[in-house]
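Step one of this worksheet: look at the structure below.
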Amino acid sequence: MADITASMVKDLREKSGAGMMDCKKALAEANGEMEAAVDWLRAKGLATASKKSSRTAAEGLVGVAVSGTSGAAVEVNSETDFVAKNDQFQEFVRNVTNIALAKGDDVAALANEAYTTGGTVAEVLTNNIATIGENQTLRRARRLTVDKGAVVAYVHNQVVPGMGKIGVLVAVNGADNGIAKQIAMHIAATNPLALSEADLDPVVLERELAVQTAKALEENAASAKPKPDAVIQNNSIPGRMKKFVAESTLMGQAFVMNPDITVEQAAKDVGVTVVGFVRMACGEGIEKE
């Protein structure tokens, strides 16, 4: 059995919101594996699904840019929010976003691209670190392109035009009449895991199935009138998974502008098909002391 430390219990409490003793027991049951312990707590109804974005913090900006049927989003991190308000830092984010739009989203290749005012992107970033006096990183970039249709950008919590804490790109086929912007705002608010069920990571689906199966069986066993196992396996668990897929995929989610219909239906009603999206939130996935 793994040695369960106070630090591990503290970390699990922060990630799950569960009590100290429940966290200690979960870690013991999971042999010290943090994610497995979270799943154990969820199955027991003692925690909600954890999202990395809810437990991380990092400063900087996300920049977005669109040209024709292509769009790009870039994240540049800084140590403090103060630097994110710096004109020199913002100019760098703006220029690198435009370079990514023109050249592509491979970060290693992007760092070696020629910068607008001379030198490479990496060289200018190094100079910015020296002159601003704070560590900065070009963390990631995404480019989205469609053959026919449109790519629309949206920035949530915009600091300056085209830059903020959450950047979204939405690609649609068909004549966009404003629906893409509304869908981009929806994505910023709901943070879907994938476009549709077919795009969901099989590992995510397998893990959720294990959690929902354990949870359904435990709740049924504790019920005053337990249902036959066949009902749980054939009805309850598939129903739970159907709900998970609907809540986790853009096409299955209730449209925030009109919760009576899904995003897929809202797009279809105006003759548009959503073919891709990017949602980039500054600092998500980065553990910060």
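The values are calculated or read from the model by the stated rules, or taken from the named source; none is laboratory data. Remember, predicted model here, so these are calculated numbers, not experimental data. Glycine also receives a Cβ, built like all others from the backbone with ideal geometry; neighbour counts cover every protein chain displayed. For the accessible areas, the whole protein counts, side chains as well, though only heavy atoms, and no ligand, DNA or RNA atoms are used. Shrake-Rupley method; radii C 1.70, N 1.55, O 1.52, S 1.80 Å.
The table below lists the values:
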{"quantity": "Members of segment 176-199 found to be assigned to a loop (DSSP other than H, G, I, E, B) and under 13 Å from the mean Cα position of the chain (by Cα), listed by number", "calculated": "ASN191, PRO192, LEU193, LEU195"}
{"quantity": "Residue under evaluation MET280, criteria (1) under 18 Å from the mean Cα position of the chain (by Cα); (2) farther than 30 Å from SER70 by Cα, criterion not met", "calculated": "(2)"}
{"quantity": "Test: residue in segment 259-280 that is at pLDDT below 95, within 28 Å of GLU14 (Cα to Cα), surrounded by 18 or more Cβ atoms within 10 Å (Cβ to Cβ) and not charged (D, E, K, R)", "calculated": "no"}
{"quantity": "Scope segment 37-58; condition part of a loop (DSSP other than H, G, I, E, B) and at pLDDT 75 or above; matching residues", "calculated": "LYS44, GLY45, LEU46"}
{"quantity": "Any hit, segment 54-65, residues being buried (at least 20 other Cβ atoms within 10 Å of the Cβ) and hydroxyl-bearing (Ser, Thr, Tyr)", "calculated": "no"}
{"quantity": "Residue in segment 176-218 that is least open to solvent (accessible area, probe 1.4 Å), counting only those that are among the small types (Gly, Ala, Ser) and over 24 Å from VAL256 (Cβ atoms)", "calculated": "ALA216"}
{"quantity": "Qualifying residue in segment 224-245 (condition: hydroxyl-bearing (Ser, Thr, Tyr), outside any strand (DSSP E or B), modelled with pLDDT of 90 or more and under 24 Å from ARG42 (Cβ atoms))", "calculated": "yes"}
{"quantity": "Condition check for THR120: of a type in the set (S, T, N, Q) and at pLDDT below 95", "calculated": "no"}
